[in-house]
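What follows draws every value from the coordinates through simple rules; no lab data is involved. Only a predicted model underlies this, so the values are computations on that prediction, with no experimental measurement involved. Methodologically, a virtual Cβ is constructed for each residue, glycine included, from the backbone with ideal geometry; neighbour enumeration extends over all protein chains shown.
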Amino acid sequence: MNSKNLLLFIFVLLLMSFLLVYGETGLNLNSTLVWQLRLPKVIVCLLAGGMLAISGLLMQIFFQNPLAGPDTLGVSSGSSLFVAFWMMASVGFSQTITDWGMSVMSFVGALAVFCLLLFFIHKKMSRISLIITGLLISSFTSSGISVLVNMSQTLQVKNYLAWSMGSFRNVTIGEMPKFIFLSLVSIVPVLFFLKSINQYLLSESYAKSMGVNILRTRILFITIAAMQISVVTLFCGPIGFIGIISPHLARLILKKSQLKILFPAVFFIGAILALITELFIVLTPGWSLPVNAILGLIGAPVIVTYLYHQKEWSV
């Protein structure tokens, strides 16, 4: 493992260890508290942060756009809209149907936005226009969600609003096996295609000249990124900024773009951002800050810094 990746890994372990023994009530090693509440939260931060970061990297490579991310291109919003629709429409269904229906709808929503963006790419849309389109998609889905909320009953609205705030604490110990399974299914396939993705990173023309199946690679990008975003959105609600800034921070730290080195760094940085966010919430229990508010304070300066130095940073 690269020395910088090793340092990132150690930092992840330190943050996880601290959050396992320290909570809003201070230092407490009660076994029930640790295993039932803190451990699920820490695992969710690790996997959700990592998945958002990887999906952001894949989107930036696929769209050849350094500002591409689950939130900037509206993919998370599409997933949220479909989940909101299912939450409002599944009243009276069994819990099993409701849960798995949300999983399917979350994935379909993310995939639908990806397909729409792919259509615009084939129409030779510019990078800036693509970002603007993503923002318009987010605006459209927000309006659609507002309509659904106004048409729904009070309990449904309350459940949705609680979910839409975004949190790494929504996954209970009983839901952990499902969350871990879906997370691994979303992450592991990337490891088998690093070579093809690395060639695609240089350019689509270069990848094609090296014998990469472009159509298969595109489908791979879309499917994996959609799965990762949908899993995080389903269990944690819409989480912003991690997907767009993690790849840039990884490149800044490593000064390299080779995926075998960049991939673990991106995953670790995504996990670190999620863990730091949770750490901030734990250390300020009286403030009741939402996850996205903290990530906005971290992410916005990073994006502005990137835009200022974009000629110096590799895409």
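Here are a few things to note about the model shown:
- Per residue, the chain reaches -25000 deg cm²/dmol at 222 nm when only DSSP H runs of four or more residues are counted, each adding -39500 (n - 2.57).
- Radius of gyration over Kirkwood radius for the range 214-315, both on Cα atoms: the Rg/Rh ratio is 1.01.
- Take every Cα pair under 8 Å whose residues are at least 6 apart in sequence, average their separation, divide by the length of the chain, and the relative contact order is 34 percent.
- Residue separation of residue 203 and residue 304 scaled by 0.36 nm, minus their Cα-Cα distance, works out to 33.8 nm of gained length.
- Cross-link pairs 123/208; 4/195; 124/195; 4/124; 123/195; 41/208 - those with Cα-Cα distance over 31 Å: 4/124; 41/208
- Counted by Cβ distance under 14 Å from residue 192, the other residues give a net charge of +3, where Lys and Arg count +1 and Asp and Glu count -1.
- Both the radius of gyration and Dmax for the range 131-284 are 18.4, 57 Å, in that order, over alpha-carbon atoms.
- Efficiency of FRET between residue 258 and residue 124 - r from beta-carbon atoms, R0 30 angstrom, step 0.05: 0.50
- Packing-based ranking of 103-112, 230-239, 163-172, 117-126 yields 230-239, 103-112, 163-172, 117-126, ordered from highest to lowest mean Cβ neighbour count within 10 Å.
- Peptides 290-297, 44-51 ordered by average Cβ neighbours within 10 Å, highest first: 44-51, 290-297
- Ranking 277, 30, 192 by how far each Cα lies toward the positive end of the dipole of the chain (charges on Cβ) leaves 192 at the top.
- Entry for Rg/Rh (Cα atoms, Kirkwood Rh) (calculated from the structure that is shown) out of (1) 1.09; (2) 1.06; (3) 0.96: (3)
- Close amide H contacts of residue 23 (hydrogens built in the peptide plane, cut-off under 5 Å, sequence separation of 5 or more or a different chain): 28.
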